[in-house]
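Quick note: the coordinates plus some simple rules give every number you see, no bench work behind them. As the structure is a computational prediction, the values presented were derived from the model and not from experiment. Here Cβ is always computed from backbone atoms with ideal geometry, including for glycine, and neighbour counts include all displayed protein chains.
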Amino acid sequence: SLPRRVRVVEVGPRDGLQNEKGQVPTAQKIRFIEQLAEAGLPVVEATSFVSPRAIPQLSDASEVMSSLTRLPGTEYPVLVPNMKGMERALAAGVRSIAVFTAASESFTRHNINATIAESLANFRPVVEAAQREQIPVRGYISTVFGCPYEGEVKPEQTLEVALRLLDMGISELSLGDTIGVATPDQVVTVIDLLVTKGRIPLEKLAVHFHDTRGTALANVLTALQLGISTVDSAAGGLGGCPYAPGAAGNLATEDLLYMLHGLGIETGVNLEKVVAATRSIAPFLGHPPTSKYYQAATAL
Ligand code: HMG
Ligand code: MG
């Protein structure tokens, strides 16, 4: 059976804009985040407090978070890899964060210049600081369904990282198909392992599919049937990871909402307002948005 309600986590301003070639003006990013919140998205991941050398596109994170007009019911998490990022985030008024590691060693090395174990050690003081401030922490696990450097990734590797993150007190795990290779059978295998062997409550799991090979919606539907009710997506289908060569954008929020609403699943999000947000950011990207729903709505 399917959940009655799904919580959509919008990652376009972070996962999307981190991978755009051109520099989107700061004021435009802020407007984009505000429009997405006004569309009713409960969570809008806004930016990353990472090394500006690693991700120059998001080097204005402090300015974005300080200048943003926040809606009372909306969460605006940011990515934080280490204490330096945590200090910058707190100074900018951040009240929700995400740490990020992976199920495969080579991707972790390329992405955050650490082993998986080192990355977890770096998160510990970050999570402790967040707990002192009563700030919720999400944990991303990348390359769950395949790695750009190693290929196949064993589901047991994801289980091990997942349990370590939860041990630390992290409240939600997002399972990342970083390069968009997953097929629904893999979704069943991984989630089943986490829930039955790992005894991880379904409420603590979210899914995060990049749509490189067109399987993202099928994977989401499979996850919903297994009882997952938190799904990540990016307005317009923006996104990708600069350290995952060839990876396309996230599943588009518009395409996800169209399917969910068609299935009678509530989200609290206004689809046409998401289209409007994508339309306002589109001129600042070097390419047309890839969302199918957006393209259909724009052609009509
Ligand atoms: P490093 O070079 O090992 O770090 O990078 P370091 O501690 O040696 O520091 C090097 C320099 O960076 C120093 O500056 C630090 O101060 C500075 P210098 O003294 O040379 O002038 N620095 C920072 N500056 C600002 N904010 C910080 C910060 N930390 C260090 N937080 C590091 C390690 C983790 C910092 C780097 O590799 C990094 O920032 N990586 C981020 C990569 C990234 O953002 N990737 C994309 C997000 S993950 C993703 O997209 C996947 C996801 O969507 C899920 C999925 O799809 O699978 C989440
Ligand atoms: Mg991603």
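Can you tell which of VAL187, VAL220 is in a helix (DSSP H, G or I), touching a Ser or Thr at 6+ places or on another chain (Cβ under 8 Å), under 26 Å from ARG4 (Cβ atoms) and within 16 Å of ligand 1 (Cβ to nearest atom)?
VAL187
Scan region 252-267 and tell me whether some residue there is under 16 Å from the mean Cα position of the chain (by Cα) and within 11 Å of ligand 2 (Cβ to nearest atom). Within region 252-267, not a single residue is under 16 Å from the mean Cα position of the chain (by Cα) and within 11 Å of ligand 2 (Cβ to nearest atom).
Among the residues of region 31-49, those that are more than 16 Å from ligand 2 (Cβ to nearest atom) and not aromatic (Phe, Trp, Tyr) comprise ARG31, ILE33, GLU34, GLN35, LEU36, ALA37, GLU38, ALA39, GLY40, LEU41, PRO42.
Figure legend. Inter-residue proximity from region 47-70: first residues in contact (Cβ under 8 Å) with a residue 24 or more places away in the chain, second residues assigned to a helix (DSSP H, G or I) and acidic (Asp, Glu), beta-carbon distance below 9 Å, spacing 6+ or different chains. Indicated pairs: PHE49/GLU87; LEU68/GLU34; THR69/GLU34; ARG70/GLU34. Within region 18-40, the set of residues being over 16 Å from VAL275 (Cβ atoms) and either part of a loop (DSSP other than H, G, I, E, B) or more than 19 Å from the chain's Cα centre (by Cα) (or both) comprises GLU20, LYS21, GLY22, GLN23, VAL24, PRO25, THR26, ALA27, GLN28. Just one of (1) out of contact with any Leu (no Cβ under 6 Å at 6 or more places or on another chain); (2) surrounded by fewer than 24 Cβ atoms within 10 Å (Cβ to Cβ); (3) of a type in the set (A, V, I, L, M) fails for VAL78. It is (2). Filtered by the rule that a residue be within 19 Å of VAL269 (Cβ to Cβ) and in a loop (DSSP other than H, G, I, E, B), region 41-67 gives LEU41, PRO42, GLU45, ALA46.
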